[in-house]
Amino acid sequence: MDKKTICLTLLASVLLFSSCRSHYQVAQIERTRIVVDSRYDGQPDQHAEEFLKPYKHVVDSIMGPVVGYSAKYMTVQRPEGTLSNLLADILVWAAKDYGETVDLGIYNIGGVRADLPKGVITYGDVLDIAPFENKIAFTTLSGEDLLKLFEEIASVGGEGLSGAVRMVIDGELRLRSVTVNGQLVDKNRDYRIVTIDYLLGGTDKMTTFKKGRNIKSPQDFGNNSRFIIMKYFREQMQQGRMVDAEIEGRIVAKDVTKEQLQEMVKRGVKVEQINMDAIEMKE
């Protein structure tokens, strides 16, 4: 293409975009919030109900089956929460089905999209909690790399850790100390970890997962985390047990000032997820 042709092309482009330019300008912006809640249940739209009826029947038949019972309402929190504890423990529980013996489990809080209600738990409840196509995964990290991973977890205020871990962080979200199965992390040994495949790529600021070795990540549909959660719930139900979890001191933030607490929020820790029972404020 010669220079003349290039110039003509550029000129045509300028004229085209100039001709498409709108003469309208934004004079004012207003917004409003429309709350969709139970107030609309008092005057249901009969036509809409009839239209949705056949679909509702299908959805209810899928989402409605009971998979277990919960002893209490559970949620994910930082540094530590009941639901995040439970999900990490469930991954460890499932390891035996894959011929694995693991040292600890990690479940990312960002992957949990709903709370666990108290009482009856349905298929739909579990789907709300774990809606993504994340599969169970196993990886090995050196003790040195595991410490780096714990530092990354501390930097975001905590993640779901299994019962083998006891971690202390400070008000600046730095790792103070950590043990696995009651022992300090040995930099010279390997640790087997169960998690979800989404994290193996170093996502959710846990970049050290990319250093993992001897990875096992079965990709069959049945290995989805939601089905593993349901299997655990069903087993507990068959044994006459309710699903339960406690705050156990798996992650504790110590000597935290009010200013540091505010800084945590600025760094991305959601206010509604902060568990003050796991935070020791500095006097």
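The values are calculated or read from the model by the stated rules, or taken from the named source; none is laboratory data. As the structure is a computational prediction, the values presented were derived from the model and not from experiment. Here Cβ is always computed from backbone atoms with ideal geometry, including for glycine, and neighbour counts include all displayed protein chains. Side chains included, ligands, DNA and RNA excluded: accessible areas come from the protein's heavy atoms. Shrake-Rupley method; radii C 1.70, N 1.55, O 1.52, S 1.80 Å.
Remarks
- Of 96/282; 135/187; 135/270; 56/216; 96/210; 72/254, pairs whose Cα-Cα distance is over 32 Å: 96/282; 56/216
- 20 °C / 1.002 mPa s Stokes-Einstein diffusion coefficient of the stretch 128-218, Kirkwood radius on C-alpha pairs, µm²/s: 157 µm²/s
- Gyration tensor verdict on the stretch 176-232 (Cα atoms; rounded if a/c is under 1.5, prolate if a/b is larger than b/c, oblate otherwise): prolate
- In the chain, helical runs assigned H by DSSP with n ≥ 4 each contribute -39500 (n - 2.57); averaged across all residues and rounded to the nearest 500, the mean residue ellipticity at 222 nm is -10000 deg cm²/dmol.
- Chymotrypsin sites (Phe, Trp or Tyr not before Pro) restricted to DSSP loop in the stretch 38-75 with at most 15 other C-beta within 10 Å: 73
- Relative to the longest principal axis of the Cα atoms of the chain, the long axis of helix 225-238 lies at roughly 40 degrees.
- Cα Rg over Rh - the chain, Kirkwood: 1.13
- Principal-axis analysis of the Cα atoms of the chain puts helix 3-19 at an angle of about 90° to the longest axis.
- Largest accessible area first, the residues 50, 235, 246 order themselves as 50, 246, 235 under a 1.4 Å probe with ligands, DNA and RNA left out.
- Radius 12 Å from Cβ of residue 134, net charge of other residues (Lys, Arg +1; Asp, Glu -1): 0
- Eligible aspartates and glutamates near residue 211 by straight Cα distance, threshold 18 Å, same-chain separation 8 or greater: 103, 144, 145, 151, 152, 186, 190, 197
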